[in-house]
Amino acid sequence: MTTHDPEMPTGDPSSNFSAKDCSEVLGRVFFFLDNELEQADCAEIQHHLDECGPCLARYDLERTVKTLVARSCSEKAPDGLRQRVMLSIRQVQVEITRRD
Ligand SMILES: [Zn+2]
């Protein structure tokens, strides 16, 4: 009778995660890193990372890269670059204002 059981029996953790779970988790790792996920989704991904070595390694890599990029960006943002960025932002704003 029980061909389709909605409640999966929790057995071996390694067999609990399919490849689809991994790709799904890895696809959301960026949002997880940016704290852009709902609490429930965060817990879901955190749980998966706790159980799944390959995903955890991938997550660690993404986190390391992100940290390095963030650090190098905030530490040595040259004034020239900053002004150029500010200028281009202003130009875009002007274009938007004109178009309106
Ligand atoms: Zn995984």
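When each of the peptides 37-48, 60-71 is scored by how many other beta carbons lie within 10 Å of its residues on average, the order from highest to lowest is 37-48, 60-71. Between residue 30 and residue 85, the contour length at 0.36 nm per residue exceeds the Cα-Cα span by 17.4 nm.
Put simply, the amide H of residue 52, placed in the peptide plane, has no neighbours under 5 Å, leaving out anything fewer than 5 places away on its chain.
Annotation for segment 25-64: chymotrypsin sites (Phe, Trp or Tyr not before Pro) lying in DSSP loop with at most 10 further Cβ atoms inside 10 Å of their Cβ do not exist. For residue 49, what is the net charge nearby, where nearby means another residue's Cβ is under 12 Å from its Cβ and Lys, Arg count +1, Asp, Glu -1? Overall, the nearby charge balance is -3.
What the phi angles of segment 34-51 give under the Karplus curve with 6.51, -1.76 and 1.60, with θ = phi - 60°, is a coupling list of 8, 6, 9, 9, 5, 3, 5, 5, 4, 4, 4, 5, 4, 5, 4, 5, 5, 9 Hz, glycine and proline written as x.
Count Lys and Arg as plus one, Asp and Glu as minus one, and take only other residues whose Cβ is under 12 Å from that of residue 34; the net charge is then +1.
Since every read-out is calculated from the coordinates, none of them should be taken as a lab result. Since this is a predicted model, take the numbers as computed values, not measurements. Cβ sites come from the backbone with ideal geometry, for glycine too, and all protein chains shown count toward neighbours.
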